[in-house]
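Bear in mind these aren't lab numbers, they're just calculated from the coordinates by the rules spelled out. Keep in mind the model is a prediction, meaning the values are calculated, not measured. All Cβ positions, glycine included, derive from the backbone under ideal geometry; neighbour counts span all protein chains shown.
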Amino acid sequence: NNGCTLGTYLNKEVSQNLKEYSYQRGGTLFMGLLASLNAVLFRYTGQDDVIIGSPIAGREHADLESQIGFYVNTLALRNKVRSEDNFDELFSKVKHNTLTAYSHQMYPFDRLVEELNLQRDSSRSAVFDVMLVLQNNGENIADLQLNEVEADQILDQGSKTSKFDLLINTEEQGDCIFFSVEYNTDVYEREMIEGLIGHYKTLLSKLLSYPKQELGKIDYL
């Protein structure tokens with residue numbers, strides 16, 4: 001599909017707070033990103049049943065450890081979000097469901113689609129419309145220094161094809177997290193995605209500052 005990508009940085013304070021929050025609760029940065037993405041999608045759509053796709057290495061079997069090849073599988077991570085939940089409760093559910101999904105990571109995604117016997121539409125992804133990726137490639141830009149203005153900017157990363165309605169790419173760069181959104185330009189206007197990025201950053205900051213507040217009552221505007 002036709003696509004475009006916009007990117008931004010989560011500033012040092014928010015990035016560090018998200019990592020610390022996730023680690024203190026026995027989770028990972030990915031789980032923190034996934035939980036907060038579930039929260040903003042819930043607030044945007046009002047839908048309490050959210051499915052987000054994510055790639056996984058697919059090398060769990062010992063016979064594959066020394067093999068050269070592309071074994072990536074796709075997980076469909078399904079979570080229920082309630083307005084009366086707070087972020088602590090949502091994170092706990094996301095952590096549990098993600099660990100459960102990891103235990104089934106060898107189950108092929110194409111077989112899942114086949115077994116679900118869904119009504120297919122060639123213009124859409126079969127199970128989910130949003131994918132979340134955390135890039136952990138070992139490269140860390142240790143000397144990355146951003147002032148407040150730079151961290152608040154939304155960067156145009158150019159036009160490209162888009163496999164999903166929304167593909168959220170995240171990557172640790174120095175003390176910050178780079179957050180980009182590849183979107184289908186036949187579905188979304190640029191202004192919509194710029195708004196989504198701004199709202200996500202505001203909501204994430206509020207979630208980390210007030211993790212006991214009900215999700216439905218947090219002001220992210």
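All other residues whose Cβ lies under 15 angstrom from that of Met131 are scored, Lys and Arg at +1 and Asp and Glu at -1, for a net of 0.
Taking only DSSP H segments of four or more residues, each worth -39500 (n - 2.57), what value at 222 nm results for the chain once the sum is divided by all its residues, to the nearest 500 deg cm²/dmol? Kindly include the intermediate steps, with their values, before the conclusion.
On the way: 6 runs with 79 residues, N = 221.
Per the formula, -11500 deg cm²/dmol.
Note on the chain: semi-axes of the ellipsoid equivalent to its C-alpha gyration tensor, largest first and rounded to whole Å, are 26, 21, 21.
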